[in-house]
1. Neighbour counts of other C-beta atoms within 10 Å: give me Arg27, Arg218 arranged from fewest to most.
2. For the chain, give me the percentage of DSSP beta bridges that are antiparallel, rounded to the nearest 5 percent.
3. How large is the dipole of the chain about the Cα centre if only Lys and Arg carry +1 and Asp and Glu carry -1, each at its Cβ, rounded to the nearest 20 debye?
4. With each run of n ≥ 4 DSSP H residues scored as -39500 (n - 2.57), what mean residue ellipticity at 222 nm is computed for the chain after dividing by its residue count and rounding to the nearest 500 deg cm²/dmol?
5. Stretched out fully, how many nm does the piece from Asp66 to Glu150 gain, at 0.36 nm a residue minus the Cα gap?
6. Would you mind ranking Ile126, Ile328, Ile167 by Cβ crowding within 10 Å, fewest neighbours first?
7. Counting Lys and Arg as +1 and Asp and Glu as -1, each charge on the Cβ, what is the dipole of region 169-211 about the Cα centre in debye, to the nearest 20?
8. Whole Å is fine, so just give me how far the alpha carbon centre of region 103-165 lies from that of region 233-285.
Amino acid sequence: MKSWKIEGPHELKFVETKSKRAAGQIRVKISTCALSETDIAFYKGTNNIRNIVPSHSAVGYVSEADEDSGFKMGMRVVLSPYIDSAVENEEKAQRKIKIMGLDTDGFLCDFVNMPVGNVYSLPEGIKDSEAVFIDYIALANQVLENFDFEKGDFLLVIGASTFGLVISQLALYYQLVPILVDGYDDRLKLAEELGVYYTINNRKENLDSVICEITGGRMADYTVFEPRELPFSIAYNYTREGGVIVISGYNNHVLSFDANIDTVFSKQLTIKGVNNGIDEISSAINFLANNVVVTDNLVAEVFDFDDSQKAFEFCSQKHDRSYGKVLIKSKQF
């Protein structure tokens, strides 16, 4: 198996190892994978360096499978990065979910052996460049499952990242009213093209007056905060009393941020954390197949597998305002 492994700041090493498929696993030839902000943070040394094969989003073709697996050689599939291992304690079974590319080796490789439960067949109409967003769509849908919302409720989305743009589209599908806050006009313009009516540039506009006007003074019913460049204060300041905030995303390199606990207490806010969409992969595939989520303009560049080092350097030099994904493809596809 050939792979690229992060071994230090700006150090991406090409590695060849032998790996055999175990019974019950599916061997998949990776055709396309995507790089994430966390991958780049590991590469740049922003967080503690992990000796890891990056990428938590990938599409490929079945190379080997057991006869009773339901998968045949050549089937096109998308891979779930969520590895579920239930741990029994004295009271109940708890799920411990690891994410490939973050907690264990990911998909920047030519072949990977996956549990059958992590492999999903893809409809013909979904392109590789779309399918690599399925885990983001799954994560976004899992976030929305944490809200007991009604039609017309306001959802404040903080940050027009890939995740922010995806969850804003899902909010529209569920007939919520998304309010997307970001500091860059190009991101917000794309959101508007995707159907998001209320967008606010926090660098240019007064959040107090604009959000108050949009919501009729009641503020957002629910808020989604992805730890990136925007402050958490936007979340608790503009969520209504008794509202719910979900902190989500894959940015586990953001280790801490400030919060005014007095405001959280006085407004009786509920704060939750969601870092995976393990139960929502099938739903995410359906959303993509039915154009509920559109990803056409969310890809910035595509590199060949052999040029993975160049892909990481390109990502390292991008300005923070860049929202497009960088994909890495096998030359065979």
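1. Values: Arg27 21, Arg218 13.
By the 10 Å Cβ count, ascending: Arg218, Arg27.
2. Values: 38 of 67 bridges.
Counting DSSP beta bridges with both partners in the chain, the antiparallel share is about 55 percent.
3. Details: 33 positive and 47 negative charges, 140 e Å.
Magnitude of the dipole: close to 680 debye.
4. Numbers: 10 runs with 83 residues, N = 333.
After summing the helix terms and dividing by the residues of the chain, the value is -7000 deg cm²/dmol.
5. Values: separation 84, 0.36 × 84 = 30.24 nm, distance 4.49 nm.
Separation in residues times 0.36 nm, less the Cα-Cα distance, equals 25.7 nm.
6. Working: Ile126 18, Ile328 27, Ile167 30.
Neighbour counts put them in this order, fewest first: Ile126, Ile328, Ile167.
7. Numbers: 4 positive and 7 negative charges, 9 e Å.
Dipole magnitude for region 169-211 comes out near 40 debye.
8. Result: 18 Å between the Cα centres.
Coordinate-derived values only; no laboratory data. None of these values were measured; they are calculated from a predicted model. Glycine gets a Cβ as well: all are built from the backbone with ideal geometry, and neighbour counts include every protein chain shown.
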